[in-house]
Structures are given as C-alpha cells and as structure tokens.
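Single-structure report; data block below.
The values are calculated or read from the model by the stated rules, or taken from the named source; none is laboratory data. Quick caveat: nothing in here was measured; it's all calculated off a predicted structure. Ideal geometry is used to build each Cβ from the backbone, glycine not excepted, and the neighbour counts take in all protein chains shown.
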Amino acid sequence: MLFSLEDVIWSIHPHTLQLIYINPAAEVLFNCPLSNFFQKRAYWLELVHPQQKQQIKEIYSNLLNISLLGDNQKSHDIDYLI
C-alpha cells in the first residue's frame, strides 16, 4: 500500500540509521533512482532547498538524539522544500 502513495514515505533503522524502505514516490518527486538513497545515507539532505538545509539538519539531529535515547515515539513528519 505504501508504494501507491504520492507522498514520499521512508523508514530508517533507529540505531544504525540505515535506510530500510523508501517508496517509489521519491523517484518521481526527486527525479533520481531509489538506489541513490540506499547508497548514500544522507542523500536526501542534498536535495533539500539551500534556504532550509541548516534548519532541517538541526531537526534531523534532534530526532536522531531522541531515537538514540529511547523515546517511544514511532514516527515523525518533517516538511521541507526541495
């Protein structure tokens, strides 16, 4: 079902930060092969609009710290420009 969504959905392992899943919408939205996301851990960050890149890095860093500290939240939504 996730593969049929138009929004990009991705999931990473909470401890290794390895990409587990990204739906095909990413290929359409970012105009690049899905393999790019699996080959380079933070590839998606290269696609963030320059005006928001620092802000998104900080948000992502905070989310990773929450994950590493064992927060029970299961998912997070972040909207950003590309």
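Here is a yes/no grid of residues against (1) touching a Leu at 6+ places or on another chain (Cβ under 6 Å); (2) surrounded by fewer than 16 Cβ atoms within 10 Å (Cβ to Cβ); (3) modelled with pLDDT of 85 or more:
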{"position": "LEU2", "(1), (2), (3)": "no, yes, no"}
{"position": "HIS15", "(1), (2), (3)": "no, yes, no"}
{"position": "TYR21", "(1), (2), (3)": "no, yes, yes"}
{"position": "ILE56", "(1), (2), (3)": "no, no, yes"}
{"position": "SER75", "(1), (2), (3)": "no, yes, no"}
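Among the residues of the stretch 39-54, the one identified as surrounded by 14 or more Cβ atoms within 10 Å (Cβ to Cβ) and over 15 Å from ASP79 (Cβ atoms) is TYR43. Report yes if ILE9 is in contact with a strand residue (DSSP E or B) (Cβ under 9 Å, 6 or more places away or on another chain), on the phi < 0 side of the Ramachandran plot and modelled with pLDDT of 90 or more, otherwise no. Spelling it out, it is not the case that ILE9 is in contact with a strand residue (DSSP E or B) (Cβ under 9 Å, 6 or more places away or on another chain), on the phi < 0 side of the Ramachandran plot and modelled with pLDDT of 90 or more.
Here the stretch 28-43 is the region considered, the condition is being more than 13 Å from the chain's Cα centre (by Cα) and assigned to a loop (DSSP other than H, G, I, E, B), and the residue that is farthest from ILE56 (Cα to Cα) is PRO33. All conditions in (1) surrounded by 14 or more Cβ atoms within 10 Å (Cβ to Cβ); (2) more than 17 Å from ASP79 (Cα to Cα); (3) in contact (Cβ under 8 Å) with a residue 12 or more places away in the chain hold for TYR60, with the sole exception of (2). For first residues located in the stretch 22-41 and touching a residue at least 24 places away in the same chain (Cβ under 8 Å), partners that are in a helix (DSSP H, G or I) and surrounded by 15 or more Cβ atoms within 10 Å (Cβ to Cβ) and lie 6+ apart or on another chain with Cβ distances below 7 Å form the pairs PHE37/ALA26; PHE37/TYR43; PHE37/TRP44.
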